[in-house]
Amino acid sequence: MNNVLVTGGAGFIGSNFVRHLLAARPGVRIVTYDLLTYAGSLENLRDLSDPARHVFVHGDICDRGAVDRVVAEHGVDTVVHFAAESHVDRSIVAPGEFVRTNVTGTFTLLEAARAAWAGRADVRFHHVSTDEVYGALAADAAPVTEHAAYAPRSPYAASKAASDHLVRAYATTYGLPVTISSCSNNYGPYQFPEKLVPLMIVHGALGKPLPVYGDGGQIRDWLHVDDHCAAILAIVERGRAGETYHVGGGNQPTNLEVVERLCALLDARYPGAAHAPHRSLIKHVADRPGHDRRYDLDFTKLQTELGWRPRHALADGLAATVAWYAGSGAWLAAVRDSDDYRRWIALNYDGRAVEVT
Ligand code: NAD
Ligand code: DAU
């Protein structure tokens, strides 16, 4: 691994991964390739200032010519593919963009890699995927292993499942050296505040309602983004080509418990706030259509084969995340000033007051 193309490197996990890789592997050069959609921002990469080690290229993963050029110009030998439309709620409102980016975009990258690498074995295409491809788990079902059948239920999950199938097809049909990681819910710095954790932190600090979908009893597995980045690096370097590895945190509170924990952290940080205690801001609102009740990944394979362990306890990770958002006013102001963010919040939250309990 010398020249790494990180697609979606200006987004949440991608930007954390770029920073992680630069620090962990001093010999590696990175090209971040990103379209800078609403979810991507150069603000997420602002502190990276060594052009000999990291360059940014603005581009679309669906643009084959542009992808070919970046792969050839930078002698790319490793692709770590994060670029995607990533928010389930947006996939319900506008699924077309998810098919375009997640399916056609992944296909375009695979074609570019197949053409550029033509049979080479000293290369790697790593695809970043999600636990959502397996669909909702029954309350008493065992965690899913890498052998479980796919059953995606949202347009987002279906588009990620389709991209996973394409990646595997390129491994079996063309011998492309691929790996896939399927991960649970990430949290940490630089996450766009449309997702549960940062949305609750930002709304809570502003004294706005904290919208919990339905009864809030849904279960996600939470993983600090640093742990995800370390897992991806281990898989890219030491994972077996053709294999899928699950990445999880082993933390499964209900959504309501996550929000309550965040409220307690906000109480501690802003004890004099007019709206404290922050839990008084919690509002149960109409549920997400087709809302998956529970995800739970078995990540034994990653632990036993590659020795990876999640290092961040959820309590510490959430506290650090609240502190990061509290100390990142300029970053947050840039996000909150964007037209897209204003539109999304106005459309989905400021008018969403359908209380069910
Ligand atoms: P994000 O929405 O924060 O970032 C996505 C990035 O992709 C943005 O920088 C955006 O500009 C870029 N992008 C979008 N369309 C593009 C295109 N056509 N061409 C080039 N760039 C484009 O997403 P994230 O939360 O960082 O997720 C990254 C990856 O990890 C995604 O593939 C997602 O499915 C997967 N994943 C996310 C989580 C999570 O909890 N966030 C968990 C498991 C897997
Ligand atoms: O499981 C991995 C997936 O996690 C990733 O593949 C996705 O890219 C990522 O967005 C995330 O999907 P979720 O739908 O689980 O994340 P989100 O933060 O949108 O929601 C987490 C849970 O919280 C979910 O059950 C819905 C609920 N929720 C979310 C929001 C934004 C609320 O109750 N209220 C909210 O306002």
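The values are calculated or read from the model by the stated rules, or taken from the named source; none is laboratory data. Just so you know, these numbers come straight off a predicted model, no measurement behind them. A quick note on method: Cβ atoms are made from the backbone with ideal geometry, for glycine too, and the neighbour counts reach across all protein chains shown. Calculation scope for accessible area: heavy atoms of the full protein, side chains included, ligands and nucleic acids excluded. Shrake-Rupley method; radii C 1.70, N 1.55, O 1.52, S 1.80 Å.
Things to note:
- Solvent-accessible surface of the stretch 41-108, averaged per residue with a 1.4 angstrom probe and all protein chains in place: 44 square angstrom.
- Nearest-ten-degree value, helix 155-174 long axis tilted from longest Cα axis of the chain: 20 degrees
- The dipole here belongs to the stretch 191-292: it is taken about the Cα centre, uses +1 on the Cβ of Lys and Arg and -1 on the Cβ of Asp and Glu, and is about 260 debye.
- Here the average projected area of the convex hull drawn through the C-alpha atoms of the stretch 9-119 stands at 7.2 nm².
- Evaluated over the Cα positions of the stretch 142-234, the convex hull gives a direction-averaged projected area, one quarter of its surface, of 8.3 nm².
- Remark: accessible surface ordering of 339, 77 (largest first) is 339, 77, probe radius 1.4 Å.
- Share, in percent, of DSSP beta bridges within the chain that are antiparallel, nearest 5: 5 percent
- Over the stretch 1-121, relative contact order from alpha-carbon pairs under 8 Å, at least 6 apart, %: 30 percent
- Heavy-atom accessible surface of residue 283, to the nearest 10 Å², is about 70 Å², with a 1.4 Å probe and all protein chains retained.
- The magnitude of the dipole of the chain, with charges of +1 and -1 set on the Cβ of Lys/Arg and Asp/Glu and taken from the Cα centre, is near 220 debye.
- Centroid-to-centroid separation of the stretch 44-84 and the stretch 117-189 [C-alpha atoms, Å]: 22 Å
- Amide H contacts of residue 179 (H built 1.01 Å from N, under 5 Å, at least 5 apart or other chain): 125, 126, 127, 242
- Here the accessible area of the chain is 54 percent carbon and sulfur, with a 1.4 angstrom probe and all protein chains present.
- Folded to 0 to 90 degrees: helix 314-326 orientation relative to the chain principal axis, Cα: 80 degrees
- Rolling a 1.4 Å probe over the protein heavy atoms gives the stretch 143-267 an accessible area of 30 Å² per residue.
- Along the axis of the charge dipole computed for the chain (Cβ charges of +1 for Lys and Arg, -1 for Asp and Glu, origin at the Cα centre), the listed residues 229, 207, 266 are led at the positive end by 229.
- If you plug the beta carbon distance of residue 121 and residue 323 into 1/(1 + (r/R0)^6) with R0 = 56 Å, you get a FRET efficiency near 0.80.
- Base-10 log of normalised Debye intensity for the chain (one unit scatterer per alpha-carbon) at q = 0.09 Å⁻¹: -0.48
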